[in-house]
1. Excluding ligands, DNA and RNA, what is the accessible area buried between chains A and B, summed over both sides, using a 1.4 Å probe, to the nearest 100 Å²?
2. Please go through the range B:4-54 and write out the GluC sites (Glu not before Pro) that DSSP classes as loop and that have at most 13 other C-beta atoms within 10 Å.
3. Would you mind working out the magnitude of the charge dipole of the protein assembly as shown relative to its Cα centre, with +1 at each Lys and Arg C-beta and -1 at each Asp and Glu C-beta, to the nearest 20 Debye?
4. Leaving ligands, DNA and RNA out of it, work out the accessible area of A:Asp55 with a 1.4 Å probe and give it in Å² to the nearest 10.
5. Kindly provide the helix-only [θ] at 222 nm of the protein assembly as shown, computed as the sum of -39,500 (n - 2.57) over DSSP H runs of four or more divided by all residues, to the nearest 500 deg cm²/dmol?
6. Give the shape of the range B:91-159 as rounded, prolate or oblate, defined through the alpha-carbon gyration tensor: a ≥ b ≥ c are the square roots of its eigenvalues, a/c under 1.5 means rounded, and otherwise the shape is prolate if a/b is larger than b/c and oblate if not.
7. Placing +1 at every Lys and Arg Cβ and -1 at every Asp and Glu Cβ, with all other atoms neutral, what dipole size does the range A:2-82 have around its Cα centre, in debye to the nearest 20?
8. Aspartates and glutamates near B:Lys175 by alpha-carbon distance under 17 Å, same-chain residues fewer than 8 away left out - which ones?
Amino acid sequence: MTKKIYEELQENCECARICGDYAEIVPDSLPDCALFLKDNGYDYLDMITASDHIDEFILTYTFKNLKDKDDVMLRASVSRENPEIPSLSNIWIGADFQERELYDLMGIIFTGHNNLKRIVLWDGFEGHPQRKDYKNVA
Amino acid sequence: MSLRTEEFVVNVGPQHPSTHGVFRMRFTLDGEIVKDVEPIFGYLHRGVEKLMEMRTYKQGIPMTDRLDYVSAINNNWPYVLAVEELAGISVPQRAEFMRVIMSEMQRISSHILAVGSQMNDMGSFYTVFMYMFREREKLTDLMEMVTGQRMMYNYMRFGGVSMDFPAEFVPQLKKFIKVFPKYMAEYEDMLYDNEIFLARTKGVGCFKPEDAINISTSGPVLRSTGVDYDLRRDKPYSVYDKFEFDVPVGKNGDVYDRVWVRMEEMKQSVRIIEQALDMMPGGNRFCSKVPVALHIPEGFTYKEIESPRGMLGCYLESDGSDKPYRCHFRAPAFINLTALKTMLVGQKLADAIIIFGSVDLSMGEVDR
């Protein structure tokens, strides 16, 4: 089941590439891929996270199909110099806080997000602590 | 003729008796009606995800307890599952049942706190709460018997659990399980026969299933709207596929349904514990042998469990060392909080505290 949706995704969004149990996509194609998944029953945005790989950030998105009880995982990498990816908050309200959290802690810019500001740290905070090059005080 | 008054801003919190933790809401009001709400949080941010990158895998377990301090055992689980998958550690059957029993006990005690404090918010100051805490105390005692702790149990380990059940535990738990349904009936009398409870919760804070899915809510908030999804049944982890239990689903998605779903879930947890006690294999194996300095091969995984608040996930990435490279928690309460605006706009300010309470947050998990 999971396999099939990845193949369909690859057919419909040329920029998707299947890597085992997830699909790798180009950052700019994220809204297209997400909308394709949404139209095919994967209408539940489960989780967004990112990890710092020094020269790039890898973003991981998981989606769920609540009816067929299935999951899909998408990964996209953005460069460190220009960590930008289109926001999903216009499609899923649920992406709002998660994207703000990633902006706050990881410093990823979600373009198109209409309220991208710090969420757990205060406004005057400097730097993004979840990055690997952040200087730890403690 | 409708009167319009000038909009004004009211600040609630961060220190307020009924915000369940340090949490601030900025309401924009038109008379009594909420026009907009902005949740402001982060007062309890400890940077758990960053701290875990500086500790070894095993040192990370007590950190997960402190995420959601009302359901510590459930919070151990996704992290432990993720490490077990990446490192290829197997868990003895008996330990799986022990995990299920303890986490279902934790679910009951977490829901008791949720429903009890819900009544507190409604003005029944500590009456129902104290009746419910009478049984929660017994549960806490039972869990203390096993783990030696009353709040931060630090119970799960990679490949099993930290301690075996003591000899007196199972008979005591059986006794508790036998009398608990009687107490449940007592709570139900206190809630559903209470005119004030019904008047203040029915049709308040309504929430449509489309919205619930769009906002990525999970747990009782999602199920109260009529969406039938529970990870324990739909994507079973551990030994949940062996048990027979129902997933209670609400109709209207109002505060009443959220309380009702929690009450019903407690009954289902009792059923699961009963079956687990019967099916639990004998012997004394409660943990498989795991190297002290655990190095995990490169890779990443994402594991989810159904915590009392919803889907709790752990994204774990390893670079081959003895410390996690990246550890992220999908905190259900954090995402359920996004729904606050949808639930609150158009409601009266007096109901705002009840609606906020019905989401059942624990700030430790929201801020992390």
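1. Values: alone 7910 and 15270 Å², together 19840 Å².
The summed interface area works out to 3300 Å².
2. Working: sites: B:Glu6, B:Glu7, B:Glu32, B:Glu49, B:Glu53; in loops: B:Glu6, B:Glu7, B:Glu32.
Answer by residue number: B:Glu6, B:Glu7, B:Glu32.
3. Numbers: 59 positive and 76 negative charges, 299 e Å.
It comes to approximately 1440 debye.
4. In the full protein context, A:Asp55 sits at about 110 Å².
5. On the way: 18 runs with 206 residues, N = 506.
Value at 222 nm, helices only, nearest 500: -12500 deg cm²/dmol.
6. Working: a/c = 3.21, a/b = 2.54, b/c = 1.26.
It comes out prolate by the Cα gyration axes.
7. Details: 9 positive and 18 negative charges, 57 e Å.
Charge dipole, the range A:2-82, about its Cα centre: 280 debye, nearest 20.
8. B:Glu104, B:Glu135, B:Glu137, B:Asp141, B:Glu144, B:Glu274, B:Asp278
The values are calculated or read from the model by the stated rules, or taken from the named source; none is laboratory data. From a predicted model like this one, the values you see are computed outputs, not experimental measurements. Virtual Cβ from ideal backbone geometry, glycine too; neighbours counted across all protein chains shown. Side chains included, ligands, DNA and RNA excluded: accessible areas come from the protein's heavy atoms. Shrake-Rupley method; radii C 1.70, N 1.55, O 1.52, S 1.80 Å.
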